[in-house]
Amino acid sequence: MELSKIRIVVDSSADIFHFDQVEVAVAPLKITTQTAEYPDTPALDVSAMTAALASYKGKSGTACPSFGDFTDAFGEAEYIFCITITSQLSGTYNVAVSAARSYEEEHPDRRVCVIDSRNTGPGMRLLAEKIVQLAKEGLEFDEICERVLAYRAQTELLFLLESLNNLANNGRVSRPVAALAGFLGIRMLGRAVQGVIKPIAKPRGEQKSLDTMYARMRELGYCGGKLRISYCEKESVAAGLAARVRADFPEADIDIYPARALCSFYAERGGIIAGFETNTE
Ligand code: X90
């Protein structure tokens, strides 16, 4: 397909606001406290939000984008690929699907393919990059939809978190799971499985945690393919994972970047999220 006919629409948990060759539009999630609201847009100072939340004692939560946020993001585009955060943990996917239906009804000549990423952040970025690649290879709209779902099954998402407070307070992990982390340097290493958070280890200390994380990547089939790592505040943690990968795969395609508001809120300070390809050189 011609790249100029495509628009990629993501919710803000993808940490993407711009791509070089393809139009991108973003439906923002929101972070809310009893005293402030932070729309997850490029204008938001995410570090300031993280700092403000660290000293805030009241309730905080998040809200998915509205129907109108998605139709605004669809704009006037002819062919839309819309990638959302896992439908198991957020209402975003359902909102996107209903916005897509009404968009297609209103414009019978236009198409929207809504993809439930079954994860978030770097996992969504991998899917977006794949869409661009397939379009460049000349595939048609329906083929791209199919192939991107097949690709999703060849990717994995692991995350290493220092605190699970915000996930637990908002019911995205259970209390017993949350209680595992946060004491005496214990972290949670988790994996996205069928769109939900599955704890897989509770390593202690940064270096050991990163060793465990990389070992798990290898077990899941990572062998030098793409790796995308987002981090909240501590870039050194992401760099530590990348260094382990580079020791075995010096040529690996790795990208490291700060998470925007939604992923920063849940990953919390010191958290990293890694999306990677499995079984591809
Ligand atoms: O609709 C909403 O309010 C958004 C809710 C999002 C809840 C979960 C976000 C998790 C972000 C934590 C590590 C990666 C989890 C992978 C999911 C399967 C970051």
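The values are calculated or read from the model by the stated rules, or taken from the named source; none is laboratory data. Here the structure is a predicted model, which is why all the values come from computation and not from measurement. Cβ placement follows ideal geometry from the backbone for every residue including glycine, while neighbour counts extend to all protein chains displayed. When the accessible area is computed, the model is the full protein with side chains, heavy atoms only, and any ligands, DNA or RNA have been set aside. Shrake-Rupley method; radii C 1.70, N 1.55, O 1.52, S 1.80 Å.
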Only residues that are more than 28 Å from residue 227 (Cβ to Cβ), of a type in the set (Gly, Ala, Ser) and open to solvent by less than 30 Å² (accessible area, probe 1.4 Å): list them for region 92-109, please. 99, 100
Would you mind telling me which numbered condition in (1) more than 16 Å from the chain's Cα centre (by Cα); (2) within 23 Å of residue 167 (Cβ to Cβ) residue 110 fails? (2)
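Residues are listed down the side, and each one gets a yes or a no for (1) away from the ligand (no atom under 16 Å from the Cβ); (2) over 28 Å from residue 191 (Cα atoms); (3) modelled with pLDDT of 95 or more:
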site: 29; (1), (2), (3): no, no, yes
site: 42; (1), (2), (3): yes, no, yes
site: 55; (1), (2), (3): yes, yes, no
site: 63; (1), (2), (3): no, no, yes
site: 74; (1), (2), (3): yes, yes, yes
site: 92; (1), (2), (3): no, no, yes
site: 101; (1), (2), (3): yes, yes, yes
In region 31-40, anything surrounded by 12 or more Cβ atoms within 10 Å (Cβ to Cβ) and within 14 Å of the ligand (Cβ to nearest atom) is listed as 31, 32, 33, 38, 39, 40
Considering each residue of region 251-274, count those that are assigned to a loop (DSSP other than H, G, I, E, B) and under 18 Å from residue 206 (Cα atoms), and give that number. 4
Residue 225 vs (1) outside any helix (DSSP H, G or I); (2) out of contact with any helix residue (DSSP H, G or I) (no Cβ under 9 Å at 6 or more places or on another chain); (3) within 15 Å of the ligand (Cβ to nearest atom): all pass except (3)
Has region 137-160 got at least one residue that is open to solvent by less than 20 Å² (accessible area, probe 1.4 Å), assigned to a helix (DSSP H, G or I), within 11 Å of the ligand (Cβ to nearest atom) and in contact (Cβ under 8 Å) with a residue 24 or more places away in the chain? no
Selection from region 239-277 of residues within 16 Å of the ligand (Cβ to nearest atom), more than 24 Å from residue 18 (Cα to Cα) and of a type outside the set (D, E, K, R) yields 241, 270
Strands (runs of 3 or more DSSP E) fully within region 23-112 counting 3 or more residues that are of a type outside the set (A, V, I, L, M, F, W, C): 30-33, 37-39, 60-63
Which one of 172, 118 is touching a residue at least 12 places away in the same chain (Cβ under 8 Å), on the phi > 0 side of the Ramachandran plot and either assigned to a helix (DSSP H, G or I) or within 16 Å of the ligand (Cβ to nearest atom) (or both)? 118
Of the residues 25, 14, 63, only one is open to solvent by less than 30 Å² (accessible area, probe 1.4 Å), free of Cβ contacts under 8 Å to residues at least 60 places away in the same chain and under 19 Å from the mean Cα position of the chain (by Cα); which? 25
Considering only region 110-120, I want to know if a residue exists there that is touching a Lys or Arg at 6+ places or on another chain (Cβ under 8 Å), modelled with pLDDT of 95 or more, among the small types (Gly, Ala, Ser) and open to solvent by less than 40 Å² (accessible area, probe 1.4 Å). yes
Of the residues that sit in region 195-220 and are assigned to a loop (DSSP other than H, G, I, E, B) and at pLDDT 95 or above, which one is least open to solvent (accessible area, probe 1.4 Å)? 195
Any chance region 80-87 includes a residue that's more than 16 Å from the ligand (Cβ to nearest atom), touching a residue at least 60 places away in the same chain (Cβ under 8 Å) and surrounded by 14 or more Cβ atoms within 10 Å (Cβ to Cβ)? yes
Looking at the structure I just gave you, is residue 232 touching a residue at least 24 places away in the same chain (Cβ under 8 Å) and either more than 11 Å from the ligand (Cβ to nearest atom) or open to solvent by 50 Å² or more (accessible area, probe 1.4 Å) (or both)? no
